[in-house]
Amino acid sequence: MNTFRAASPMEQFEIVRLVDLSLGSIDISLTNSALWMLICTGAIIIFFAAATRRAAIIPNRLQSTAEVLYEFVSDLVRDTIGAEGRRFFPYVFTLFLWILIANLFGLIPTLPGLPHAAHTFTTTSHLVVTLALAMLTITIVIVYGFWKNGLGFFKLFAPSGLPFYMYPLLVPIEVVSFLSRPLSLAIRLFANMFAGHIILKLFAGFVVSLIGAGGVFAAVGILPFLGATAVTALEFLVAFLQAYVFAILTCIYLNDAVHAADH
Amino acid sequence: MSLSAVIVAAAAAAEDAAEAGGLPQLDMSTWPSQLFWLAVTFGILYWLMAGRFLPAIGGAIEERRDRIADDLDQASDFKRQADEAEDAYNQSLADAKAKAQSIAADTRAEVDAEIAEMQVETDAKLQEKLDAAEARIAEMKEEATAKVDEAAADATRAIVERLIDEAPTDDAVARAMTNIAR
């Protein structure tokens with residue numbers, strides 16, 4: 001028997017309990033998911049702490065990078081929401097960075113031979129996490145929308161300037177589209193991470209299986225290896241793109257909350 | 001079979017499925033822990049971003065923007081000063097040129113006047129000398145003429161004395177010479 005064994009593509013998503021913790025009756029155990037949330041957040045905090053340690057007129061490399069991120073999200077918020085979007089900038093920035101780093105760190109290869117608990121884990125590949133972030137965005141949209149516009153927020157579902165007989169048709173569509181927003185937001189990110197990692201794992205699994213089969217099969221193993229390399233490159237793009245899409249959709253929904261009464 | 005027994009059986013089956021490689025994402029027992037740590041990490045990150053990091057970065061960017069604007073203002077100020085200095089320089093250069101030209105013209109006129117004066121003076125002196133020389137020449141001529149007359153009279157007297165052995169009177173000689181000269 002050879003030692004090569006391809007793990008199930010689902011294994012990478014399994015939650016492994018590291019330290020049992022509970023808050024009352026609620027289980028808040030430290031898991032591999034929690035560990036990677038802490039690693040990602042810790043990395044972001046260390047990076048920004050170093051980048052802003054000596055904020056200077058002439059920035060060093062770290063500060064320049066932080067400023068590029070700042071300007072990127074700042075422009076995004078201003079272009080989408082306008083001047084009033086300024087108050088949401090820290091939220092959108094935190095959201096974008098948290099998702100981006102979670103996506104990117106999930107692509108770090110796991111060193112062979114490590115116990116399962118130490119495997120790389122993509123926290124955004126779990127629906128409950130992306131759904132929680134999406135619900136947070138929608139909650140902010142609804143709370144701010146009513147606080148800012150009062151009942152005028154309902155105008156969001158009835159755009160003005162249409163013939164009256166269109167409203168019975170349009171209002172339900174708008175309501176359904178509004179209610180589906182958190183789901184589409186959550187599932188888009190989750191599904192992209194989930195599918196990407198499964199494809200990566202499948203390609204990698206083929207490589208392992210073919211090498212394990214030996215002989216001519218081992219030589220053919222180069223093909224899925226090239227495939228895995230290409231998919232890894234693609235996944236870097238997807239990791240950025242999905243963080244960006246989540247951030248820009250958050251901005252668009254917040255824009256609705258800010259300008260609902262103008263509709 | 002009671003309903004609760006069905007639920008228990010279904011839950012056990014679901015658990016089996018999860019252990020047999022069902023979707024880990026649908027294992028709801030892990031959700032509270034995931035949500036708790038998401039809230040903790042996201043909350044801490046938001047708190048630090050909003051309170052510390054973003055104001056620091058925004059402040060640095062703002063400060064740089066102000067500084068650049070200030071520097072540009074200062075540069076345009078300096079440029080204006082330089083333009084003014086250049087204008088002043090050109091003005092003074094033109095003034096100096098005009099002044100130099102007027103000085104040159106004055107000097108030339110002065111020199112011309114001096115030359116003319118000297119010329120007049122010299123001319124006068126020369127004229128004076130010329131007049132003196134002419135006067136002397138005229139005097140010498142007169143003198144010479146007188147001496148020639150005298151010599152002629154003497155010669156006449158001597159010739160006449162030789163011819164007639166009688167000395168003619170001066171009047172007679174003079175008359176004769178006047179007649180001849182006429």
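In the frame of its principal axes, segment A:67-262 has Cα extents of 73, 42, 27 Å, reported largest first.
Using only helices, what value at 222 nm comes out for chain B when you add -39,500 (n - 2.57) per DSSP H run of length 4 or more and divide by the total residues, to the nearest 500 deg cm²/dmol?
On the way: 4 runs with 158 residues, N = 182.
It lands at -32000 deg cm²/dmol.
Each residue, A:LEU179 and B:ALA172, gets one label point 7 Å from its Cα in the Cβ direction; the gap between the two is 18.6 nm.
Roughly to the nearest percent, how much of the accessible area of segment A:67-262 is carbon and sulfur, given a 1.4 Å probe? Mind dumping the intermediate values first?
Numbers: 7030 of 9060 Å².
Carbon plus sulfur share of accessible area: 78 percent.
Partners of A:LYS148 within straight-line reach, counting aspartates and glutamates whose Cα lies under 13 Å from its Cα and excluding those fewer than 8 residues away in the same chain: A:GLU84, A:ASP256, A:ASP262. Could you report the buried accessible area between A and B, both sides summed, computed with a 1.4 Å probe and given in Å² to the nearest 100? Between A and B, the summed buried area is about 3700 Å².
For A:70-78, what's the mean count of beta carbons from other chains sitting within 10 Å of each residue's beta carbon? Don't skip to the end; give the middle numbers.
Numbers: counts 7, 3, 0, 1, 4, 0, 0, 0, 0.
Rounded to a whole number, the mean comes out at 2.
Toward the positive end of the charge dipole of the protein assembly as shown, with +1 on the Cβ of Lys and Arg and -1 on the Cβ of Asp and Glu, the farthest Cα among A:THR80, A:PHE194, B:ALA100 is that of A:PHE194. Projected label points at A:LEU38 and A:ILE58, each 7 Å from Cα along the beta carbon direction, are separated by 4.1 nanometres. Averaging 1/r over every pair of different alpha carbons in chain B and inverting the result gives a Kirkwood radius of 32.6 Å.
Using per-residue counts of other Cβ atoms within 10 Å, averaged over each peptide, order A:233-243, A:36-46 from highest down.
Working: A:233-243: 16.8, A:36-46: 18.9.
Those peptides, ordered most packed to least, come out A:36-46, A:233-243.
With respect to chain B, whose longest principal axis is taken over its alpha-carbon atoms, helix B:170-181 is tilted by about 60°.
Per-residue 3J(HN,Hα) values for segment B:145-158, derived from phi via the Karplus relation 6.51 cos²θ - 1.76 cosθ + 1.60 with θ = phi - 60°, read 4, 4, 5, 4, 4, 4, 4, 5, 5, 4, 4, 4, 4, 5 Hz in sequence order (x marks Gly and Pro).
Give me the inter-chain shielding for B:44-52: mean count of other chain Cβ atoms within 10 Å, whole number please.
Values: counts 5, 14, 6, 2, 7, 11, 6, 1, 4.
Mean shielding count: 6.
Share of carbon and sulfur in the accessible area of chain B stands at 60%, probe radius 1.4 Å. Estimated from helical segments only, the mean residue ellipticity of chain A at 222 nm is -23000 deg cm²/dmol, where each DSSP H run of four or more residues counts as -39500 (n - 2.57).
Is there a quick way to get the dipole size of segment B:26-182? I mean about its Cα centre, with the Cβ of Lys and Arg at +1 and of Asp and Glu at -1; what is the value in debye to the nearest 20? Display every interim value, and only then the final one.
Details: 18 positive and 34 negative charges, 256 e Å.
In total the dipole reaches around 1220 debye.
The phi torsions of segment B:120-125, fed into the Karplus equation with coefficients 6.51, -1.76 and 1.60 and a -60° offset, translate into couplings of 4, 4, 4, 4, 4, 4 Hz, rounded to whole numbers, with Gly and Pro shown as x.
Loop-only check: which GluC sites (Glu not before Pro) in segment B:81-182 are DSSP coil with at most 16 other Cβ within 10 angstrom? Could you put the intermediate results ahead of the total?
Details: sites: B:GLU84, B:GLU86, B:GLU110, B:GLU114, B:GLU117, B:GLU121, B:GLU128, B:GLU134, B:GLU139, B:GLU142, B:GLU143, B:GLU150, B:GLU161, B:GLU166; in loops: B:GLU166.
Answer by residue number: B:GLU166.
Across peptide A:28-38, the average count of Cβ atoms from other chains found within 10 Å of a residue's Cβ is 5.
Peptides A:178-184, A:160-166, B:54-60, ordered by how many other C-beta atoms sit within 10 Å of their residues on average, highest first, read B:54-60, A:178-184, A:160-166.
Label zone of A:ALA195 (point 7 Å out along Cα→Cβ, amide N under 18 Å): in segment A:122-144 this covers A:124-128, A:130-131. Relative to the dominant Cα principal axis of chain A, helix A:222-259 is inclined by about 20°.
Ranked by solvent-accessible area (1.4 Å probe, protein heavy atoms only, all chains present), the residues B:MET118, A:MET193, A:MET10 order from largest to smallest as B:MET118, A:MET10, A:MET193.
The values are calculated or read from the model by the stated rules, or taken from the named source; none is laboratory data. Note that the structure is a prediction, hence the values are computed from the model and not measured. Backbone-built Cβ (ideal geometry, glycine too); neighbour counts: all protein chains shown. Only protein heavy atoms, including side chains, enter the accessible area calculation; ligands, DNA and RNA are left aside. Shrake-Rupley method; radii C 1.70, N 1.55, O 1.52, S 1.80 Å.
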